[in-house]
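Okay, structure first, notes after.
The values are calculated or read from the model by the stated rules, or taken from the named source; none is laboratory data. None of the values given here were measured: they were computed from a predicted structure. No Cβ is skipped: glycine too gets one built from the backbone with ideal geometry, and neighbour counts run over all protein chains shown.
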Amino acid sequence: MCASRSGIRGLSLSSFCAVVAFIGLAMVFEGCASTAKQSSEEVSNQEFLSQHKLQAGHPYSVRQIKRLKVYANVKQTETGVQLYNGEFVTIMLAGQINRFAIGSTSPTETPAERPLSWWINGKNFGTTFNNAYGRTLISPASGNLQLGIVDEYHKDNKGFYDVIILTWTTTTFTLIADFLESLKQKIFGHPGVEDAFQQASLYRGMELSRNQTSMEIENTKAQMGTLFKEISQQSDKPSADLKQREEELESRLAELTGKLQQIDEMNRQLQQEKEKAAQLSQELEERERREKELMSRIGSVAKGRARTTS
């Protein structure tokens, strides 16, 4: 490995310098290759942030933004994203994968057809979402986020999903929809960003409508309080004008209260649909797992019979 002392003494000054320079360059190139190998995914994320001017320009509502690839032949992919229990996280997907790729003609699948599972600190929390490319979810726990294609066997899969993850410091969909709208304009044609924005836009509309209705209710109650004060100060029977105003305000209050109840009911139904979709997904995963176990047992029995007959 090392030259002998007599060998070093026999080198000329110029030869010695050349050897030192060569060794130094080799160490530099080795270090560069190691850095590139270790952080290629991080470099890709930094290029994404720089390209869309997001690195230092996050609004206060955004805690973290990350872009990475989730390969179909890997069960769990570390995202480098830290989640906190109860916070909002938006996951946006694009791309196609092919399962049973080796010796198979199976069709490609999109994120809407073949969803992602998510793990937090290694604990599985089922499917992120179904029949969509992007959604904002509530983190069920604190810890490091891992993602993977929903499948029982991954090694024969091909392709990957292009994944963008956003974590939030807010639970206000008005702020979330505003940022996703700006992101949609910067990353044109990404189905996950488009889907997540559509969902957030729907909730933003409900949020704004609820806030506006609540303000109108409080304003109507204040007007009624003023009117009742006027009526109480009158010694005679309230005039027809005051009586009409009272009826109008009571009617308006009943209308606004009914509207607020409708908005809350819509929100409740949306949450129920989300829970039903998650439950259905788990049932489908369980059914698929049982079917694969059954096929495996049938195959084992068939092989055993073939050995017996031979």
Query - Top-ranked residue of the stretch 76-132 - restricted to ones that are more than 22 Å from Leu183 (Cβ to Cβ) and of a type in the set (D, E, K, R), ranked as surrounded by the most Cβ atoms within 10 Å (Cβ to Cβ) - result: Arg99
Query - Candidate set: the stretch 81-122, residues that are modelled with pLDDT of 90 or more and among the charged types (D, E, K, R); chosen: the one nearest to Leu145 (Cα to Cα) - result: Glu87
Report task. Select from the stretch 116-173 the residues that are of a type in the set (Gly, Ala, Ser) and part of a loop (DSSP other than H, G, I, E, B) and write down the one among them that is farthest from the chain's Cα centre (by Cα). Result -> Gly122
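For (1) without any contact (Cβ under 8 Å) to a residue 60 or more places away in the chain; (2) within 24 Å of Gln82 (Cβ to Cβ), each residue gets a yes or a no:
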| position | (1), (2) |
| --- | --- |
| Pro107 | yes, no |
| Glu113 | yes, no |
| Leu116 | yes, yes |
| Trp119 | yes, yes |
| Gly126 | no, yes |
| Gly134 | no, yes |
| Asn144 | no, yes |
| Val150 | no, yes |
Query - Yes/no for Lys155 being modelled with pLDDT under 95 and in contact with a helix residue (DSSP H, G or I) (Cβ under 9 Å, 6 or more places away or on another chain) - result: no
